[in-house]
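The values are calculated or read from the model by the stated rules, or taken from the named source; none is laboratory data. This one's a predicted model, so the numbers in the text were calculated from it and none came from an experiment. Note that each Cβ is placed from the backbone with ideal geometry, even for glycine, and that neighbours are counted across all protein chains shown.
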Amino acid sequence: MDWLDTETKALLERSPPERLAPEDTAAFTLVLLAIRDYDRDALAQAVQRAARASAAEAERILSYPLPLPVKKGLTYSDAQIAQFELICCDAISVIIADAVVAEAPADYLVDLYARLQGIDEFRLVGIRTDLIPDSPAGREFRDRFLRGREANVPGVTKVMRKKARIMRHWAAKIGGRVAVLSE
């Protein structure tokens, strides 16, 4: 499935962190700030896709302490796709201009990362998953978003606000029902 459709891109940008680069910035860095729900294999696979890296390189990237740059030199569109991969694994990541990551003083970056990690889009919200169809699209949805929570359908869980909106959007597209309990 083409998970990053126009609506999903809009949901990724719904409440973006403050703009850290002019619109004409050509290169961006995806920075992994935190991991909410840890599934090492799923996260490593997401990093592989996000960074276009081998399994060994993804493991090396994840061996560093957070926050950490996952991939530099991305177009904004590629950075969005990479951020989507990490959001699906309940990992908090942000897109920042390469120049900011490379040139800003360390204390500025520490403060910036702390502020960005606390934005509303990364706050946990409750979701109720009422129905995911037993179809190829439904199985792909489960693999992409639920990862180990399949037994909770129907059920309630907590995910990041940004992920909740994307899940609700895609559930509706495939004939499922996901409700965000607290916006």
With (1) out of contact with any helix residue (DSSP H, G or I) (no Cβ under 7 Å at 6 or more places or on another chain); (2) buried (at least 18 other Cβ atoms within 10 Å of the Cβ) as the list, and residue 26 as the residue in question, which single condition is left unmet? (2)
Taking the options 172, 164, name whichever one is more than 24 Å from residue 41 (Cα to Cα) and without any contact (Cβ under 8 Å) to a residue 40 or more places away in the chain. 172
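Condition test on residue 48, is it closer than 20 Å to residue 116 by Cα and surrounded by 18 or more Cβ atoms within 10 Å (Cβ to Cβ)? Spell out how you get there, then give the answer.
Details: closer than 20 Å to residue 116 by Cα: no; surrounded by 18 or more Cβ atoms within 10 Å (Cβ to Cβ): yes.
Here the answer is no, as residue 48 does not meet what is asked.
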From the list 107, 134, 37, pick out the single residue that is surrounded by fewer than 16 Cβ atoms within 10 Å (Cβ to Cβ) and closer than 30 Å to residue 155 by Cα. 134
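Condition check ((1) in contact with a Pro (Cβ under 6 Å, 6 or more places away or on another chain); (2) surrounded by fewer than 16 Cβ atoms within 10 Å (Cβ to Cβ); (3) assigned to a helix (DSSP H, G or I); (4) in the same structural domain as residue 155 (by TED's automatic domain parsing)) across all residues:
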site	(1), (2), (3), (4)
58	no, no, yes, no
73	no, yes, no, no
77	no, yes, yes, no
80	no, no, yes, no
86	no, no, yes, no
95	no, no, no, no
127	no, no, no, yes
130	yes, yes, no, yes
141	no, no, yes, yes
Complete set of residues in segment 157-183 that are over 22 Å from residue 5 (Cα atoms) and either part of a loop (DSSP other than H, G, I, E, B) or in contact with a Ser or Thr (Cβ under 8 Å, 6 or more places away or on another chain) (or both): 157, 181, 182, 183
Evaluate the following for residue 157: is it over 22 Å from residue 66 (Cα atoms), surrounded by 12 or more Cβ atoms within 10 Å (Cβ to Cβ), touching a strand residue (DSSP E or B) at 6+ places or on another chain (Cβ under 8 Å) and at pLDDT 90 or above? no
For the list (1) under 25 Å from residue 6 (Cβ atoms); (2) out of contact with any Phe, Trp or Tyr (no Cβ under 9 Å at 6 or more places or on another chain), I need the number of the one condition that residue 75 fails. (2)
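From the list 21, 53, which one is farther than 26 Å from residue 124 by Cβ, modelled with pLDDT under 70, among the small types (Gly, Ala, Ser) and part of a loop (DSSP other than H, G, I, E, B)? Step through it out loud before you land on a result.
Details: 53 fails: modelled with pLDDT under 70.
Checking each option against the conditions leaves just 21.
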